[in-house]
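Enquirer: Just passing along the structure, written as structure tokens.
The values are calculated or read from the model by the stated rules, or taken from the named source; none is laboratory data. Because the structure is a prediction, the values reported are computed rather than measured. So basically every Cβ, Gly included, is an ideal-geometry build from the backbone, and we count neighbours across all protein chains shown.
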Amino acid sequence: MTSAPPLAAPGPVLTPTLPATPTPFAPNRGGLPTGPVENASAALPWADWSSLQWAGFLLLAVLVALILLVSIRRVVLRLHLVREQEELGHRDLDGPVLPPAHVFTALVPARGPAGLAVTLDLLARQQHPDVRVLVAVDPVDTLTLDVATSAVRRHPGRVQIVQAGPLAGRPPAVAASLVDALAEVGDGVVGVFSAGDRPHPRLFALVDSVLSRTDADAVQHASRPALEAAPWWAPRSALDRWWWFRSVVRSHGRAGFVPLSDGTLFVRHSWLAWSGGWDATRVAAGLDLGVRMTVAGARVVMATSAETTTVERSPNGLRDLARARVTWVRGCLQVLGQGDWRRLRPRARRRALGVLTEPLLDAGVTIVTASALVSTVLVGAPALVIALAAVPVLPWLLSQLLDVGGTTEAAAEQGRRATGRERLLVVVGSVPDRLVTLVAVVAAVGAELAIARPRVVGPSASSDPIRGGRPVGVDEPATG
């Protein structure tokens, strides 16, 4: 009997294996695409852009850079107030009051009865012994003439009426009334005020002291509407005027150019007689006069004080606000086209060019910013393009923070605290205010293109002045 062969010993069902050694973690290792590098670069948003899209992106970048320059310049001009905090004494009306040394004549071009009685009363009651008030009234305007006549009866010997009206070929502007009233002015200092202004009772005495201390030929004093919470656009308008006189004009004056206004302005009569006075063809006669005087070498001083700031009459509505903006823009365009500002020294020339072109730049910034944001969103542009178009919002936010602080300061100068409504309206009203400026620029450009303006009659800084009639004690002309 044959025995069966022995069976092999059974092996294990599962062969045990040791676990694999874990790979230590190393930063920036692994996770990379295993495919070619071209597949990774294809995920970038600009990978498949055409040459036309690249051109549009570069154009947008250039426009954003220009907008940033304009916006940052505006912020820097407003921050100039911080730099000059330590200088707001010897150049302003806060110094000691000196004995009266000048004779004043206040000119008030009246183009309506609103606010005229209050202005004439405050001017006639000035705490200065030598003040005469001339109110220029169109005899056809019987209502305004009645108000002026009543002021003459209340203040005999101090208030007088000068007949002024539109002559042939001359527009019925404020400058036309100033030209008519200037013919009745003798030697001394001429002050210009608007109907509705509320000057401080000691304003003339303080300006007299500034003229004696600085030997200035012209003194520009601050004026602005009162900060009020109604109507909704009033806080924005008042704050812009506050920034203008409190900081912006000071910055320009430091560079040798003070843009004069048509209100609360004091000029020596000798300079007005030598330069031909106001140009009746200019809608912003003060701005034109300031450029001509600066070119001729006049000493122009910006003097302000929180307590003595002249309170202007607020516009009656958006139409009046837009009309005032149109007047300012037209004045800038006229002075820009005349070209006298080119005769200023280089630094002052750059500042003058910035002031004269600022309305156009603001309108351009509004159009470009709105168009860029709307177009990039509507066409479904990449997030990178939308972010680039939104960059100008950053300096706008910074400007709004400054405006909130400025609202607090402006209200403090009025002896009260700013309300939350005023701060809110200042921020919210910035966008509609830009639209009002844009409409004013369009209207002003259209008006200037439609009018063939005659040349200035009389001496001008663009021609060689008669040196024999030049006021005594004047430096060399501010040209270069």
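Enquirer: Can you confirm whether the range 174-188 contains a residue that is within 15 Å of Val207 (Cβ to Cβ) and either modelled with pLDDT of 90 or more or touching a Ser or Thr at 6+ places or on another chain (Cβ under 9 Å) (or both)? Walk me through how you get there before you give the answer.
Expert: Applying the first criterion (within 15 Å of Val207 (Cβ to Cβ)) to the range 174-188 yields 188.
In the following step, the residues that additionally are either modelled with pLDDT of 90 or more or touching a Ser or Thr at 6+ places or on another chain (Cβ under 9 Å) (or both) were identified as 188.
Checked against the condition, which is being within 15 Å of Val207 (Cβ to Cβ) and either modelled with pLDDT of 90 or more or touching a Ser or Thr at 6+ places or on another chain (Cβ under 9 Å) (or both), the range 174-188 yields at least one hit.
Enquirer: From (1) of a type outside the set (Phe, Trp, Tyr); (2) farther than 30 Å from Phe57 by Cβ; (3) within 15 Å of the chain's Cα centre (by Cα), pick out the condition that doesn't hold for Gly354.
Expert: (2)
Enquirer: Follow-up. Can you tell me which residue within the range 99-132, out of those that are hydrophobic (A, V, I, L, M, F, W, C) and in a loop (DSSP other than H, G, I, E, B), is surrounded by the most Cβ atoms within 10 Å (Cβ to Cβ)? Spell out the reasoning first.
Expert: First, the residues of the range 99-132 that are hydrophobic (A, V, I, L, M, F, W, C): 101, 103-104, 106-108, 110, 114, 116-118, 120, 122-124, 131.
Now drop any that are not in a loop (DSSP other than H, G, I, E, B), which leaves 101, 103, 110, 114.
Details: Ala101: 10, Val103: 16, Ala110: 27, Ala114: 14.
Applying the filter and picking the extreme gives Ala110.
Enquirer: Considering only the range 44-71, state which residues are modelled with pLDDT of 80 or more and more than 15 Å from Ala381 (Cβ to Cβ).
Expert: Val62, Ala65, Leu66, Ile67, Leu68, Leu69, Val70, Ser71
Enquirer: Would you tally the residues in the range 264-292 being more than 22 Å from Ile451 (Cβ to Cβ) and surrounded by 24 or more Cβ atoms within 10 Å (Cβ to Cβ)?
Expert: 5
Enquirer: Scanning the range 133-155 for residues that are over 16 Å from Ala195 (Cα atoms) and among the charged types (D, E, K, R), which turns out surrounded by the most Cβ atoms within 10 Å (Cβ to Cβ)?
Expert: The residue in question is Arg154.
Enquirer: Working carefully through the options Thr408, Thr376, Thr437, Thr369, find the one that is surrounded by fewer than 15 Cβ atoms within 10 Å (Cβ to Cβ) and among the β-branched types (Val, Ile, Thr). I'd like the intermediate steps shown before the answer.
Expert: Numbers: Thr376 fails: surrounded by fewer than 15 Cβ atoms within 10 Å (Cβ to Cβ); Thr437 fails: surrounded by fewer than 15 Cβ atoms within 10 Å (Cβ to Cβ); Thr369 fails: surrounded by fewer than 15 Cβ atoms within 10 Å (Cβ to Cβ).
So the residue among Thr408, Thr376, Thr437, Thr369 that is surrounded by fewer than 15 Cβ atoms within 10 Å (Cβ to Cβ) and among the β-branched types (Val, Ile, Thr) is Thr408.
Enquirer: May I pose another question? Report yes if Ser251 is at pLDDT below 90, within 25 Å of the chain's Cα centre (by Cα) and within 17 Å of Glu307 (Cα to Cα), otherwise no.
Expert: On the way: at pLDDT below 90: yes; within 25 Å of the chain's Cα centre (by Cα): yes; within 17 Å of Glu307 (Cα to Cα): no.
It is false that Ser251 is at pLDDT below 90, within 25 Å of the chain's Cα centre (by Cα) and within 17 Å of Glu307 (Cα to Cα).
Enquirer: Next up: For the range 341-351, which positions are surrounded by fewer than 21 Cβ atoms within 10 Å (Cβ to Cβ) and in a helix (DSSP H, G or I)? Step through it out loud before you land on a result.
Expert: Step one: list which residues in the range 341-351 are surrounded by fewer than 21 Cβ atoms within 10 Å (Cβ to Cβ), which gives 342-343, 345-347, 349-350.
Within the range 341-351, Arg342, Arg343, Pro346, Arg347, Arg349, Arg350 qualify.
Enquirer: So which residues in the range 382-420 are farther than 15 Å from Arg241 by Cα and in contact with a Phe, Trp or Tyr (Cβ under 9 Å, 6 or more places away or on another chain)?
Expert: Correct list: Pro382, Leu384, Val385, Leu388.
Enquirer: Scan the range 110-129 and give yes if some residue there is over 24 Å from Val219 (Cα atoms), of a type in the set (D, E, K, R) and modelled with pLDDT under 85, otherwise no.
Expert: Yes.
Enquirer: Looking at Phe257, Phe204, Phe245, Phe193, which is the one that is in contact (Cβ under 8 Å) with a residue 60 or more places away in the chain, among the aromatic types (Phe, Trp, Tyr) and either surrounded by fewer than 22 Cβ atoms within 10 Å (Cβ to Cβ) or in contact with a Cys (Cβ under 6 Å, 6 or more places away or on another chain) (or both)?
Expert: Details: Phe257 fails: either surrounded by fewer than 22 Cβ atoms within 10 Å (Cβ to Cβ) or in contact with a Cys (Cβ under 6 Å, 6 or more places away or on another chain) (or both); Phe204 fails: either surrounded by fewer than 22 Cβ atoms within 10 Å (Cβ to Cβ) or in contact with a Cys (Cβ under 6 Å, 6 or more places away or on another chain) (or both); Phe193 fails: either surrounded by fewer than 22 Cβ atoms within 10 Å (Cβ to Cβ) or in contact with a Cys (Cβ under 6 Å, 6 or more places away or on another chain) (or both).
Only one candidate qualifies: Phe245.
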